[in-house]
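The values are calculated or read from the model by the stated rules, or taken from the named source; none is laboratory data. Since the model is a prediction, treat every value here as computed from it, not as a measurement. Cβ sites come from the backbone with ideal geometry, for glycine too, and all protein chains shown count toward neighbours. When the accessible area is computed, the model is the full protein with side chains, heavy atoms only, and any ligands, DNA or RNA have been set aside. Shrake-Rupley method; radii C 1.70, N 1.55, O 1.52, S 1.80 Å.
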Amino acid sequence: MIQKTIYSLILERQKRGEKLFSILIDPDKFESDKTIKLAEKAGVDFIMVGGSLITNGSFEDSVATIKKLTSIPVIIFPGNGMQITSKADAILLLSLISGRNANLLIGDHVIAAPHLKSSGLEIMPTGYMLIESGKQTAASYMSNTLPIPADKSDIAMCTAMAGEMLGLKLIYLDAGSGAEKCISTEMIKRVKESIRIPLIIGGGINSVKKATDACKAGADLIVVGNAIEKDSRLIKNIADAIHNL
Ligand code: 1GP
């Protein structure tokens, strides 16, 4: 039997108007298997793993541990080119199209390409867009780029359109980890109307309402990290809410 790719699953769900939920595990903070067990029980669709910085432990070991605990697909959401391991199922190959840092648009990809090719990972080319969210985020600081202003939906819309025209397969609007304000529903709507490829929304989603609002505005997949570290009950609550929209 031919195994379906993760990307084709995302497309199928998008076609059916079903919403997807991914938790994000920061390998630096990953301590117990409790989160993974809760995710499995709640029917979480994906587990993303990544972080702007890894200060303790090994990225590869964290991914291997998570893979042993669950059959939920594990997708690398890399904070930098060092976060690549064949132990995961897929990787968001991020091009930071909201910024003008050449290394994050194409340079780091050139360096990582041979390693990615031999990794066997499913590669999902992703137009990654940082959106301003009240205070400077780790992603904006580490990438040395300016996020798109929160009230400039036109810029976000045109950037996403250009990303799709360049052949990227996903667009990810990110307010940044632990953002004070998540992406506005107005910006999500405008971007959604202008592209056909699936739209990922993340950053600062810390309630069922914020998750469902993002989905109703047009998100196909939402990503939640910080909030589930603080309150693990949100895993089930958000999963139930968005899967029943
Ligand atoms: C960050 O979009 C992700 O890159 C998730 O953000 O940790 O704020 O949920 P949170």
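Can you tell me how many residues within region 110-141 are more than 16 Å from the ligand (Cβ to nearest atom) and within 21 Å of Ile10 (Cβ to Cβ)? Write out each step before concluding.
Going residue by residue through region 110-141, those that are more than 16 Å from the ligand (Cβ to nearest atom) are 110-123, 125.
From what's left, within 21 Å of Ile10 (Cβ to Cβ): 116, 119-123, 125.
Summing the residues that are more than 16 Å from the ligand (Cβ to nearest atom) and within 21 Å of Ile10 (Cβ to Cβ) in region 110-141 gives 7.
If I filter region 175-185 down to residues being more than 14 Å from Ser153 (Cβ to Cβ) and touching a helix residue (DSSP H, G or I) at 6+ places or on another chain (Cβ under 7 Å), which single residue comes out as farthest from the ligand (Cβ to nearest atom)? Checking each candidate, the answer is Cys182.
Within region 229-245, being within 15 Å of the ligand (Cβ to nearest atom), open to solvent by 10 Å² or more (accessible area, probe 1.4 Å) and touching a residue at least 60 places away in the same chain (Cβ under 8 Å) holds for Glu229, Ser232.
Within region 77-101, the set of residues being more than 21 Å from Gly163 (Cα to Cα) and open to solvent by less than 40 Å² (accessible area, probe 1.4 Å) comprises Gln83, Ile84, Thr85, Ala88.
The set of residues from region 1-18 being assigned to a loop (DSSP other than H, G, I, E, B) and either hydrophobic (A, V, I, L, M, F, W, C) or touching a helix residue (DSSP H, G or I) at 6+ places or on another chain (Cβ under 7 Å) (or both) comprises Met1, Ile2.
Which is modelled with pLDDT of 95 or more, touching a helix residue (DSSP H, G or I) at 6+ places or on another chain (Cβ under 6 Å) and open to solvent by less than 10 Å² (accessible area, probe 1.4 Å), of Leu130, Leu104?
Details: Leu104 fails: open to solvent by less than 10 Å² (accessible area, probe 1.4 Å).
From the options Leu130, Leu104, the qualifying one is Leu130.
What do you reckon, is Phe21 within 16 Å of the ligand (Cβ to nearest atom) and either farther than 11 Å from Val223 by Cβ or assigned to a helix (DSSP H, G or I) (or both)? So Phe21 does not fit the description; no.
When both residues are 6+ apart or on different chains and their Cβ atoms are under 6 Å apart, which pairs have a first residue that lies in region 137-150 and is in a strand (DSSP E or B), and a second that is crowded, with 19+ Cβ neighbours inside 10 Å? Listed by first residue and then by second, the contacts come to Ile148/Ser98; Ile148/Ile131; Ile148/Ala156.
Looking only at residues that are of a type in the set (Lys, Arg) and more than 18 Å from Asp231 (Cβ to Cβ) in region 1-52, which one is surrounded by the most Cβ atoms within 10 Å (Cβ to Cβ)? In this case the residue turns out to be Lys19.
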